[in-house]
Structure formats: structure tokens, C-alpha cells
Amino acid sequence: MTAHAQVIPPHTCQTLAGLFHLRVQQSPDSQAYLQFDSEKQEWCSYPWSEVAGQVARWQAALKREGFVPGDRVAVMLRNCMEWVIFDQACLGLGLVTVPLYTDDRPDNIAYIVADCGARLLLIGGPAQWRRLAGVAEQMPSLKRIVSLNTFDEVQPQNDERLTDFDHWAVDAEAEVQSDVSKPEDLATIVYTSGTTGRPKGVMLSHDNILQNAFAAQQCAPMGSDDLFLSFLPLSHTLERTAGCYMPMMVGARVAFARSIQGLAEDLLYLRPTILISVPRIYERIYGRIKAGLKEKSAFARFLFQSTVRVGWRRFEYQQKRASWHPQLLLWPLLERLVATKVKQRLGGRLRIAVCGGAPLPPAIAEFFIGLGLPVYHGFGMTEASPVVSVNRPEDNLPASVGTVLSGVEVRIGENDELLVRGPTVMQGYWNNEEATAAAIDAEGWLHSGDQARIDDQGHIFIIGRIKEILVLANGEKVPPNDMEMAIAMDPLFDQALVLGEGKAYLSALLVLNLEEWRSLASSLDISPNDAAELHQSAVEKALRKRVAAQLGAFPGYAQIRRLRATLEPWDVENGMLTPTMKLKRSVILDHHKNLVEELYESD
């Protein structure tokens, strides 16, 4: 069992800086973080006392700049111990941390920095500065730009505000400062990566986040024996609250993954016990395993499918939703032959795999749970710090997003909208009273924008985004997200966007997986290298057949009649995905407006 004795509740620590201070006091010699040292080419461990020493050094440098409580400071680093150190140094001085995505567009970064009036920007190194140099003049509020890594002799572009950490900070012997703020004070401004328009700055207090982390850690046993693997960006509020402050609260360790590309290797070496992620990661793992199965014998595929099926039946029996069945007697053998081998690829010690940020396709949840990997689907919003609900070990209904956290209220409002109220709800949007009033009503209910239903046991089921529900010409309503998830279950389709608002039928834009496309093209005896071939009638017919196979469970009106395919991925760099990997529907439709016109040219 994991240890619980060291949990630090909100009323004890009061603030996020107070949480860090108490953790250092209680566990000075305990391991806090694991990080890969590229120079030594090895993983290094850092105790809480050493982390505190670095926080004091950062605070001394920040004090020399003359910043005062309430000043905003922005951080644009990949996940690393220095991210946490900078954050804690700022919080302890009453500064307001503004996290930025490292792969966000320069113009978006400049907008956020200017909108919040950030006084300092922390970046990773020369490569990041080269991307930002062109928008430097659009960030006039910045007094200092600090690079974590040292520049070469010649800076990429001269800017008197630019320096590197070694020149900016000096060694400090001072104690860590942590008593400046009050629980209700602003701790951070997190800009939501909206699918339309400019991002809005969500204002979260110390107490907002502490209450959320404390309620979240009550949902499953966790403590000092646990190791979190951090790879979801810390600029994502789910990772920051549940993957940074929550481990600090329970005394667990955190290891920073080297990269998404090296995730498989890090899982094997670090053997984490807790993983927090978004559906895209689980979908990739699922896709790789399914692709690998194609190369196996028919018997091996049968054995694998049998393991998932029996494992799922076992899970449903354990959850008291199904009766015992003789097939369960096969589980010990199937677990040894198949399930354990798959789990070993994830380190072999994973107890909790949390999935949030977007809907997890039920088939993928069933796949992992059937193999004995406990996946817990949840729902949250940046505006709620962010976790609203999550499944629990003793009550895990993967088709739902679980039940609400302790202290949080939910109800269904007009148009089946999910409303949220409680101590974790934001203070409002930065410099945007109109948006705040639209999001939080007079009774304090936060309007999620998501349609939902709640069953008799309190399980929440997300139906779709209110603004993204498609209404066909005949009045039928279709949730495109559900259809897109189903289509993407076929490895041929990396991404899918369903459209048809006000039209007589549904269509789809599809991004094809290059390897799978080559295989399909070969079977159709056409060249995979000629983009024009994608629009051949034979290709569209083959693609429609594959799509129809994925949508068999949907009503007759929720079928795709026309489609167009591309090999150009939708990503953050080209502005078609938000940093949290959500489709920017209007941007994609505008980019592919010629294809969209073709889909409905005779409508």
C-alpha cells in the first residue's frame, strides 16, 4: 500500500508556496524529482532540500529585478525541474505565473505576453529565441528575457533585455520566501487554447488549485511510494495541478520524460506507478499495438483478442456490473501469456492511468482495461482548476467521466449544458469582464459549454460541445466528436473532421496515415506519391467503406456520404490544432474550403 501520512491539506499550507515550504520541511532528504542529464547521459535524482536551494537562488535574482507581488511572469519551457523551481520561486514572492506552450505560434505567445503585461519571460534557449525574435517588439511589457541555457558568443538577435540564467542569477544562501500571498490571491493566469478566436486568460487563485489537488488525491490511494511520469505539458492545467502540485501534496516523486518520442524507453526505465495523459497518447499506443498484431499469426491475434475480452469481463465482474462466468478461469493463463507482456512495455508497475482533456474512445478504454491496465477517464476545464469529475478504482464506468470531486457541485442546465460550482472555479478571465459574465452566472455556476447527462449514481456522460453539435437540414442533431473518434479508430485515419451544419447530409475531411495509405494505394494499383490520386472515385469509395465500418453503431442519418482526404497533418505549427491537441474546426474548414465546396457542390 502507498503511504498517506504525509498528505498536506489546503488549510495547513494555505498557498502553493506554503505547500512547497511544508513539503521541504517534512521531507528534506526524500527524492523529489528525477531528470535526465544530457551531459552525463544518466538519470539524476534531486531531494527536496536541493530543490529548495535552487528556489532561493531564483528568488534572489527575481528580487534584484524589483518585481512586486502581483507582477506577471511567463514561463516557456518543456517539462523539467527548472519549470517547477521557477514557478515556486515566483509564487513565493507573490508573483503570478503565466505558463506558455513551447510549440505555440510566436504571434500567439506575443499576444499572451502583451495581454497579461508579463514583466519577465523564461525560455529554454537559442532555438526558442530565434522563433520569438521576430515578435520581440510586440512584447513591450517585458523587462527581462531569461534563457535557461547559455547562448553562443554571438546572440541570435541583440535585445538588451535578453540574458541567460548563469549571468542573471548568483548563488544565494537566503531562506526560501513563501509567506507573501493569501489563499484567495491570484496564483496564475492560464490562457485557454480556444478553438476559435484569441485565447482567454483564466485567473486561478492559490486556493482554487490547492482545493482541486486535495480533492483529486482523495479519488485513489497515492503517496510517497508513487512515481509520476510527467510528459503532458506543465502549461496544461491538468498536468500542473495533478502532475505537479498533487505529488507535492502527497509526497510522491516526479520524473520528467525526455520527450514524447522517447516515452516508450522512459516508461521501461523509470517504471512509473501513475500516468496522467490525454487520449492522443493512449490512441497512439493502441494504434502501435494493433499495427503490430497484423504481423502476428492468426492464433496470436486470437489469443490477444481473447485476453482483452476475458479481461474486460473480469473487470465488469469486479465492478459488480456482471455475474461470474467460467471464462474468468482463463484469466491467470491469459494474463501470463499476453497481458503481463503488454504491461511490461509500460514499465510493469502502472497502478493508475488518468485520461482527461478530451473524450477517450470507449473501445480504447475497454482495450487497456481488458489487458489489466487501470484507466480512469475524467472531465475537467481550465476554468475549474481543472478536474471536475473522475472515475474511481471502486467505481469505474469508462463510458462516463466519473463522478464529481468532493466539494464540487454539478447540475444540468438549459440545452443539457453541464454547470459546475465550487471552490475550484476560477476568479474570472483576465481583463475580460464580458467573457467572465458569460461564463459564470449570478449564482456562481460555471457554464462548461458541454452537453451532458447524469445518471442515478451520479456518473457524468459528456454528449458533446454545444457549439459543435451539427444540426442537419432535416433537424437531426449529430455530435461530430463521437463520430470523429470512431473514424480515427481505423489506423488509416490519423485525423477526422465531420461537417454538415445545415446540410442534407454529413461529409468528412480526413488526414490519412502515410504508411496505411501506401498499403491501400498498392491494393488499388495507384501511386501513393501523387496527391491527385486521393480524389479518384475508387479511392473515395474505398475510404467511404472503411469509414462506414467504423460508424456502424451510429443512426442512419449519422453516416458519411461524401469525403475528401489529405496527407497534410493538422498540427499546432500550422494553426489547425490547439496546444492541447483539439481541432480548430473553423481554421481547418477555411484552409480546406475548396475541398469543402466540392463536398457540397451539387447540394
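The values are calculated or read from the model by the stated rules, or taken from the named source; none is laboratory data. Note that the structure is predicted; figures quoted are calculated from it, not measured. Reconstructed Cβ throughout: ideal geometry from the backbone, glycine too, with neighbour counts over all protein chains shown.
Among the residues that make up segment 565-582, is at least one of them touching a residue at least 24 places away in the same chain (Cβ under 8 Å), surrounded by 18 or more Cβ atoms within 10 Å (Cβ to Cβ) and among the small types (G, A, S)? The answer is yes; a qualifying residue exists.
Among the residues of segment 427-449, count how many are assigned to a helix (DSSP H, G or I) and surrounded by 14 or more Cβ atoms within 10 Å (Cβ to Cβ).
3
The residues of segment 211-259 that are hydroxyl-bearing (S, T, Y) and crowded, with 20+ Cβ neighbours inside 10 Å, listed by number, are S230, S235, T237, T241, Y245. When segment 450-479 is filtered for residues that are buried (at least 17 other Cβ atoms within 10 Å of the Cβ) and part of a helix (DSSP H, G or I), only E468 remains. Scanning segment 374-394 for residues being surrounded by fewer than 16 Cβ atoms within 10 Å (Cβ to Cβ) and either more than 18 Å from L238 (Cβ to Cβ) or at pLDDT below 95 (or both) gives a total of 2.
Highlighted here are the helices (runs of 4 or more DSSP H) found entirely within segment 165-251 that include at least 2 residues which are under 19 Å from V73 (Cα atoms) and in the same structural domain as G262 (by TED's automatic domain parsing): 165-168, 206-217, 237-240. For segment 276-298, a residue qualifies if it is part of a loop (DSSP other than H, G, I, E, B) and within 16 Å of the chain's Cα centre (by Cα), and exactly one does: V278. Within segment 260-282, does at least one residue satisfy the condition of being surrounded by 21 or more Cβ atoms within 10 Å (Cβ to Cβ) and small (G, A, S)? Yes, there is a match, as at least one residue in segment 260-282 is surrounded by 21 or more Cβ atoms within 10 Å (Cβ to Cβ) and small (G, A, S). Listed here are the strands (runs of 3 or more DSSP E) enclosed by segment 50-163 that have at least 3 residues being among the aliphatic types (A, V, I, L, M): 72-76, 120-123.
Report yes if some residue within segment 405-414 is outside any loop (DSSP other than H, G, I, E, B), closer than 29 Å to Y317 by Cβ and either among the basic types (K, R) or touching a Leu at 6+ places or on another chain (Cβ under 6 Å) (or both); otherwise report no. Scanning segment 405-414, I find no residue that is outside any loop (DSSP other than H, G, I, E, B), closer than 29 Å to Y317 by Cβ and either among the basic types (K, R) or touching a Leu at 6+ places or on another chain (Cβ under 6 Å) (or both), so the answer is no. Being under 30 Å from G556 (Cβ atoms) and either under 20 Å from the mean Cα position of the chain (by Cα) or not assigned by TED's automatic domain parsing to the domain that holds S235 (or both) is a description that does not apply to I440. The condition of being under 22 Å from the mean Cα position of the chain (by Cα), more than 23 Å from K200 (Cα to Cα) and of a type in the set (A, V, I, L, M) does not hold for M426. Residue check, A399 against (1) in a loop (DSSP other than H, G, I, E, B); (2) farther than 18 Å from E283 by Cβ; (3) not basic (K, R), all met but one. Which one? Status for A399: all satisfied but (2).
Taken together, the residues in segment 134-146 that are surrounded by fewer than 17 Cβ atoms within 10 Å (Cβ to Cβ) and of a type outside the set (K, R) amount to 5.
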